[in-house]
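Below you'll find the structure, written out as structure tokens, and then a few comments.
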Amino acid sequence: MPTRVLEFSWPDRVVVGTIGLPGSRTFYLQVRAGTQLVSIALEKQQSALLAEKIDEILDQLITVERNPFSIPTGTPIELVDNDPLEAVQEQFRTGAISLGWDPSMAQIVIEAHPITDDESDADDESDADESDETLHEDVVNEPEMLRVRMPVGTARAFAKRTREVVGAGRPMCPLCGYPVDADGHICTLPEA
């Protein structure tokens, strides 16, 4: 079955944001172009790694001899986006993410795929008598992925905001190093 690609070549907005309180936040990658708005759920670690790798790619491009691209070393102030997420309707929960560089357009490319349910695939193979209803669900729920292309300045601003969002979580206990919850913390000091 073909994969439906949710593609954003020149998005008006691309950000990582959260919903919920520190300790129980859900991270979202949200992209908007005109009236099209897509929100996909990410893990905190995926968000942090995405920001880190985007900066690494841009930093490597700066070092390329005779680089034809104007890669900013810092975040262009006019591209900083600190606004909250827009109306979130989760499209899917992210499994695999790939990151790349498109030199023809001078853009960072993010591709996000939903978490696959290998267990349901195994169940489908072992169950020879599937109902028409199950077959209909498979047709309706075609696989999809998100592809976002960002110019270099937007990519720097995206990485900066993402690092700030990830860092705004629960504070760490200075004694034990574990996160401090809003409803209290039982500190377990490491044994000497």
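The values are calculated or read from the model by the stated rules, or taken from the named source; none is laboratory data. Since we're looking at a predicted model, the values are computed, not measured. Glycine gets a Cβ as well: all are built from the backbone with ideal geometry, and neighbour counts include every protein chain shown.
Worth a mention:
- For the condition of a type in the set (D, E, K, R) and assigned to a strand (DSSP E or B), residue 66 does not qualify.
- Any pair with Cβ under 7 angstrom, 6 or more apart, that starts in the range 30-42 at a residue that is without any contact (Cβ under 8 Å) to a residue 40 or more places away in the chain and ends at one that is assigned to a strand (DSSP E or B): 33/8
- Set side by side, the residues 159, 128, 87, 122 differ, and just one is surrounded by fewer than 16 Cβ atoms within 10 Å (Cβ to Cβ) and either within 16 Å of the chain's Cα centre (by Cα) or modelled with pLDDT of 70 or more (or both), which is 87.
- Selection count, the range 58-73, where residues are within 19 Å of residue 99 (Cα to Cα) and of a type in the set (Asp, Glu): 1
- Checking each residue in the range 1-36 for being under 18 Å from residue 143 (Cα atoms) and either assigned to a strand (DSSP E or B) or of a type in the set (S, T, N, Q) (or both) picks out 3, 4, 5, 6, 7, 8.
- Condition met for residue 142 (of a type in the set (Asp, Glu) and at pLDDT 50 or above): yes
- The range 96-107, subset in contact with a Pro (Cβ under 9 Å, 6 or more places away or on another chain) and surrounded by 14 or more Cβ atoms within 10 Å (Cβ to Cβ), residue farthest from residue 38 (Cα to Cα): 106
- Pair list, Cβ under 6 Å, 6 or more apart: the range 54-71 residue surrounded by 16 or more Cβ atoms within 10 Å (Cβ to Cβ), other residue among the β-branched types (Val, Ile, Thr) and not in a helix (DSSP H, G or I): 54/108; 58/71; 61/71
Yes/no matrix, rows are residues, columns are (1) over 18 Å from the mean Cα position of the chain (by Cα); (2) modelled with pLDDT under 90; (3) not in a strand (DSSP E or B):
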| site | (1), (2), (3) |
| --- | --- |
| 54 | no, no, yes |
| 61 | yes, no, yes |
| 71 | yes, yes, yes |
| 94 | no, no, no |
| 98 | no, no, no |
| 111 | no, no, no |
